[in-house]
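To start, the structure itself, in structure tokens.
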Amino acid sequence: MSTNPIIAIHNLNHYFGQGALKKQVLSNINLDIFSGEIVLMTGPSGSGKTTLLTLTGGLRSGQEGSLLILGEQMCGAGDRKRMKIRRNIGYIFQAHNLHGSLTALQNVRMGLEVHPHWTPAEMKARSQEILEQVGLGDRVNYYPSDLSGGQKQRVAIARALVSRPKIILADEPTAALDSKSGREVVELMQSLAKEQGCTILLVTHDNRILDIADRIVNMEDGQLMAQTPTLA
Amino acid sequence: MFNPIASLQRRTPLGWLQLSHQKGKLFVALAGIAFADVLMFMQLGFRAALFDSSIRTHNILDADVVIFSPQGLNFGNLATFPRRRLLQAQDVPGVAGAHPMYIANVVWKNPQTRKETAIRVVGFEPDFLAIKLPEIEKNLDQLKLPDTFLFDQETRGEYKQVIADLNAGKPVTTEVDHRTIKLAGNFSIGSSFGTDGHLLSSSENFLRLFPRRNVQSVSLGLLKLQPGADATQVVSQLKQHLPNDVLVMTHSEFIEFEKGYWQKNTSIGFIFSLGVSMGFIVGIVIVYQVLSTDVNSHMAEYATFKAMGYSGGYLLTVIFEEAIILAILGFIPGSIGAIALYTMARNGTKLPIAMTTARALTVLIMTLIMCVISGAIATRKLQSADPADIF
């Protein structure tokens, strides 16, 4: 494990609303995540987990403190800078958010098209390859409506990982799945991420998947609580 | 280096895939655009037919220069001027000949149905062939017989039997103002917004039909120039030479004069332009409905693309791609429908209404503009596709 953090968060504060309605949602967050680490974040609803995730993913602009993603300062970063950084991050959402008019292969390919250096032939081969890795080699031309929930989430994982991003951010990826497919999906994420050496920050309520983590952090009322190292 | 073709090839045709994924919706959208296109085509077609039909008679006049009374409004409503002006015109160098044409609208009895209907009668000098129509040339001798006329077989109305009889060589008789006349042959000019059709004959026969008209009161003077004479120069000399009670125009100026009358002095041009705008607006509303529904139903997907690092500009291209595909695909059934309706309208009204390349291009460009405007309105919703909301 490298000693250089991929994600370095220091004294991060974040507020929603303006004036009298201004409400602090994150206070004094400090978190370093190193390359190849799998970090799970738990905590009650409304504790600020998702806000921290969207800040880390460059989906929101940071307000106070320091938030370094892949060495880039995200606090006060403009739209263009955040858009650039987003291309190096794979997202897995609670809902699969696949495009209904695109086949599994075309959906995965969208994850590559955003990077200009891939040629069409490479994009096709790589998308095919990753779909085989997630066990959907025989369903590449299926539309999302013809896939089961677990299969859709696996396509979403393939889309997030296809460009070999340095960071995967996942927000309750198992919430919409039954326990068996949920487990499969998380294990798949884990093995692919280990293989590609990528860092995972995963928000979850699901106690059954806590064992895949290298580290678990707990968020409560906008503050990070004790960091529990797992037994594994 | 930026290569647009290569970047187009590597791009997933997202707009097309979105549209074609929902065949039913696409079909309805295309039907709507085709409808708007047909509306625009019909309005433009009728407007052009109006202007084209009004100069049908002008196009067959074999004259370089015309003179007529300044009180004249259009070909069907020309005031008269003294025939002496034609003799004076012949004094001007370059004028080879000047001859009168008598024009009047009259109510006649349709020989087939025996119903009274309006028709325009044109009288000219058979010895001075002022009309470029081969059928007239063939029947010139007939016109020298008293009360003998030639009939416009493109006249709007029920004349099938009359035309068949004339073509078979059987003369047809009918009445104009209690006077019996004989139809001896056919020619083709066609109807216009001003008249249903035409009867042609010699000046003598015209004056027999209109005893109150004087041979000295001419509707239109037709001048032929000597070979090599410059029409504009002769016109300016004629203007100096002739008194102010006549206007002098070249043949092409006379055509513009007629078109200008219908454009400026009637509300017909305005009405059809309004019709075109209506079609255009209907099209914008339809395409906007289609595109905004599409944007709304793909909001989560678009936000996901933004989260993946696609720019807002990328999403704009998807909407405009859809707009342009809709425009082009909707234009095809629209123009086919318009051609079918043109044929129906042409057969029903005898107006010169037909598809032209220029009009097809105009409507295609208007359709593209229409779809792009709708697309631009629909993209306003895109800004609310916030990737932070989908986590």
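Pairs linking a residue in region A:28-50 that is assigned to a strand (DSSP E or B) to a residue that is basic (Lys, Arg) and crowded, with 20+ Cβ neighbours inside 10 Å, with Cβ atoms under 8 Å and 6 or more positions apart or on different chains, are A:MET41/A:LYS49; A:THR42/A:LYS49.
Mind checking which residues of region A:99-109 are open to solvent by 10 Å² or more (accessible area, probe 1.4 Å) and either more than 8 Å from chain B (Cβ to nearest Cβ) or not small (Gly, Ala, Ser) (or both)? Residues satisfying the conditions are A:THR103, A:LEU105, A:GLN106, A:ARG109. Checking each residue in region A:195-221 for being open to solvent by 10 Å² or more (accessible area, probe 1.4 Å), among the polar types (S, T, N, Q) and in contact (Cβ under 8 Å) with a residue 24 or more places away in the chain picks out A:GLN196, A:ASN218. Scanning region B:63-73 for residues that are in contact with a His (Cβ under 9 Å, 6 or more places away or on another chain), modelled with pLDDT of 90 or more, open to solvent by 30 Å² or more (accessible area, probe 1.4 Å) and not assigned by TED's automatic domain parsing to the domain that holds B:LEU223 turns up at least one hit. Hey, among the residues in region B:167-191 that are more than 13 Å from B:THR148 (Cα to Cα) and under 31 Å from the mean Cα position of the chain (by Cα), which one's surrounded by the fewest Cβ atoms within 10 Å (Cβ to Cβ)? Selected residue: B:ASN167. Only residues that are open to solvent by less than 10 Å² (accessible area, probe 1.4 Å), facing chain A (nearest Cβ under 10 Å) and of a type in the set (A, V, I, L, M, F, W, C) were counted in region B:1-44, giving 1.
Just one of the listed residues (B:ARG208, B:ARG156) is assigned to a loop (DSSP other than H, G, I, E, B), open to solvent by 20 Å² or more (accessible area, probe 1.4 Å) and either in the same structural domain as B:LEU225 (by TED's automatic domain parsing) or closer than 26 Å to B:LEU50 by Cβ (or both), and it is B:ARG156. Across region B:46-61, not a single residue is classified as open to solvent by less than 50 Å² (accessible area, probe 1.4 Å), within 30 Å of B:ALA338 (Cα to Cα) and within 14 Å of another protein chain (Cβ to nearest Cβ). Scoring B:GLY194 on the criteria (1) open to solvent by 60 Å² or more (accessible area, probe 1.4 Å); (2) in a loop (DSSP other than H, G, I, E, B) leaves a single failure, condition (1). Reported count of residues in region A:110-135, each being in contact (Cβ under 8 Å) with a residue 24 or more places away in the chain and within 7 Å of chain B (Cβ to nearest Cβ), is 3. Taken over region B:355-391, the criterion of being of a type outside the set (A, V, I, L, M, F, W, C) and within 14 Å of chain A (Cβ to nearest Cβ) is satisfied by B:GLN383, B:ASP386, B:PRO387, B:ASP389.
Of everything in region B:130-148 that is under 27 Å from the mean Cα position of the chain (by Cα) and crowded, with 16+ Cβ neighbours inside 10 Å, the residue that is nearest to B:HIS178 (Cα to Cα) is B:ILE136. Quick one: A:ILE167 ticks every box in (1) open to solvent by less than 10 Å² (accessible area, probe 1.4 Å); (2) more than 11 Å from every other protein chain (Cβ to nearest Cβ); (3) out of contact with any Ser or Thr (no Cβ under 7 Å at 6 or more places or on another chain) except a single one, so which number is it? The one condition A:ILE167 does not meet is (3). With a requirement of 3 or more residues that are free of Cβ contacts under 8 Å to residues at least 60 places away in the same chain and outside the structural domain of B:ILE131 (by TED's automatic domain parsing), the helices (runs of 4 or more DSSP H) lying completely within region B:214-298 that satisfy it span B:251-264, B:268-297. Considered as a group, the residues in region A:69-97 that are of a type in the set (Lys, Arg) and not in a loop (DSSP other than H, G, I, E, B) include one that is farthest from the other protein chains (Cβ to nearest Cβ), and that residue is A:LYS81.
When the criteria are applied in full, B:PHE270 meets the requirement of being surrounded by fewer than 19 Cβ atoms within 10 Å (Cβ to Cβ) and either at pLDDT below 90 or within 14 Å of another protein chain (Cβ to nearest Cβ) (or both).
Those residues that are acidic (Asp, Glu) and over 20 Å from the mean Cα position of the chain (by Cα), I need them from region B:51-83; list them, please. Result: B:ASP62, B:ASP64. Scanning region A:46-68 for residues that are more than 10 Å from chain B (Cβ to nearest Cβ) and within 26 Å of A:GLU187 (Cβ to Cβ) gives A:LEU52, A:THR56. All conditions but one from (1) within 13 Å of another protein chain (Cβ to nearest Cβ); (2) more than 21 Å from B:ALA300 (Cβ to Cβ) apply to A:ASP138; the one that does not is (1). Looking at region B:335-391 only, could you name the residues that are touching a residue at least 40 places away in the same chain (Cβ under 8 Å) and hydroxyl-bearing (Ser, Thr, Tyr)? Correct list: B:SER335, B:TYR342, B:THR349, B:THR356, B:THR362, B:THR367, B:SER374, B:THR379, B:SER384.
For the condition under 19 Å from A:ALA170 (Cα atoms) and in contact with an Asp or Glu (Cβ under 8 Å, 6 or more places away or on another chain), A:ILE130 does not qualify. Return yes when B:GLY312 is away from chain A (no Cβ under 12 Å) and either surrounded by 21 or more Cβ atoms within 10 Å (Cβ to Cβ) or at pLDDT below 90 (or both) and no when it is not. So B:GLY312 fails the test. Output yes when any residue across region B:338-346 is in a helix (DSSP H, G or I), open to solvent by 30 Å² or more (accessible area, probe 1.4 Å), modelled with pLDDT under 90 and more than 14 Å from chain A (Cβ to nearest Cβ), and no when none is. Within region B:338-346 (the criterion being in a helix (DSSP H, G or I), open to solvent by 30 Å² or more (accessible area, probe 1.4 Å), modelled with pLDDT under 90 and more than 14 Å from chain A (Cβ to nearest Cβ)), the answer is yes, since at least one residue qualifies. Looking across B:ASP152, B:ASP127, B:ASP196, B:ASP141, one residue alone is without any contact (Cβ under 8 Å) to a residue 24 or more places away in the chain and more than 30 Å from B:LEU238 (Cα to Cα). It is B:ASP141.
Could you go through region B:119-129 and let me know if any residue there is closer than 29 Å to B:LEU274 by Cβ and open to solvent by 30 Å² or more (accessible area, probe 1.4 Å). No - not one qualifying residue is present in region B:119-129. For A:VAL25, the criteria (1) among the aliphatic types (A, V, I, L, M); (2) within 14 Å of chain B (Cβ to nearest Cβ); (3) within 19 Å of the chain's Cα centre (by Cα); (4) farther than 21 Å from A:CYS198 by Cβ hold in every case but one, which is (3).
Check whether at least one residue in region B:212-228 is small (Gly, Ala, Ser) and open to solvent by 40 Å² or more (accessible area, probe 1.4 Å), and report yes or no. Checked region B:212-228: at least one residue is small (Gly, Ala, Ser) and open to solvent by 40 Å² or more (accessible area, probe 1.4 Å).
Against the list (1) in contact (Cβ under 8 Å) with a residue 24 or more places away in the chain; (2) crowded, with 21+ Cβ neighbours inside 10 Å, the condition A:MET74 fails is (1).
The values are calculated or read from the model by the stated rules, or taken from the named source; none is laboratory data. Bear in mind that the values here come from a model prediction, so they are computed numbers and not experimental data. Heads up, the Cβs are rebuilt from the backbone with ideal geometry, glycines too, and the neighbour counts pull from every protein chain shown. Protein only, heavy atoms only, side chains kept; ligands, DNA and RNA dropped before computing areas. Shrake-Rupley method; radii C 1.70, N 1.55, O 1.52, S 1.80 Å.
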